[in-house]
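Asker: Pasting a structure below so you can have a look.
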Amino acid sequence: MGRIRRMFKWGISEERVSASVLTRLQSVAGLKAGRCDAKESRPVQPVPEADIAAVKPHVTTPIWGIITLQLLAGMRPGEVLAMRGADIDTRGPIWEYVPQSHKTEHHGKRRVVFLGPRAQLALRLFLKADPDRYLFSPQEGRAEFVGNQYRDGAAAERGGKRRPKDSYSVHTYYGAIRRACKRAGVEHWHPHQLRHNAATVWRREFGIEATRTALGHASAVTTEIYAEMDRGKARDIIARVG
């Protein structure tokens, strides 16, 4: 319903729709959970640790590195996939990663991901000489997959003619997880759930305010109220668990 309202709002801005239409749309109440026939979506839950471990033998090294970074730093899938050396400040004991783009940038919010000792150790395997290259390479993942699956002489034929891109897309990453879950015989889970794994642990140990800051989850209205106050707490979180 929100999308429909935004569509008509755009139509009004383009002078294609009467403003009175939007007024009438805004008066329509939203759907009530449990009080209509619309299907209820299940709340997103953390992935069981056993199910995460089960997919490791069925994914390439770059994909497992992405999974590891999501668990340690609580990043969104797109933030991990876009990582480049040029975007990471490695000068201090806690590294700082500033994504080129992120979900809430349109609110004027600066997203900083803190990377602690464990995350740094995981990242060192993927750092490139060229700081502008993406850390997680589909080309390297494809080469590893082909090398593991096919005998000498069959790689070129079976590996496909299309050259992998320079970085993984969210769609490709989700597909790799889906296939790995199927091969491992575990219930399908999706990468965004890994943020919930991190959030569950952090909230239990450090509280909601510091966790919101560490995840970049705060609303635009309340971010400035506590962001500076809690950034020290966010650093403490990553220093201990990341």
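Asker: Would you confirm whether any residue within the stretch 55-62 is buried (at least 17 other Cβ atoms within 10 Å of the Cβ), of a type in the set (A, V, I, L, M) and farther than 30 Å from LYS9 by Cβ?
Answerer: yes
Asker: On to the next question. Output the residue which, of all residues in the stretch 95-148 that are surrounded by fewer than 17 Cβ atoms within 10 Å (Cβ to Cβ), of a type in the set (A, V, I, L, M, F, W, C) and at pLDDT 90 or above, is farthest from ALA73 (Cα to Cα).
Answerer: ALA129
Asker: State which residue pairs qualify: first residue without any contact (Cβ under 8 Å) to a residue 12 or more places away in the chain and charged (D, E, K, R) and inside the stretch 62-89, second residue surrounded by fewer than 20 Cβ atoms within 10 Å (Cβ to Cβ) and not in a helix (DSSP H, G or I) in any location, beta carbons under 6 Å apart, and separation of 6 or more residues or different chains.
Answerer: ASP89/GLU96
Asker: If you check ALA210 against the conditions, is it assigned to a helix (DSSP H, G or I) and either closer than 30 Å to LYS56 by Cβ or modelled with pLDDT under 75 (or both)?
Answerer: yes
The values are calculated or read from the model by the stated rules, or taken from the named source; none is laboratory data. Nothing here was measured: the structure is a model prediction, and the numbers come from that model. So basically every Cβ, Gly included, is an ideal-geometry build from the backbone, and we count neighbours across all protein chains shown.
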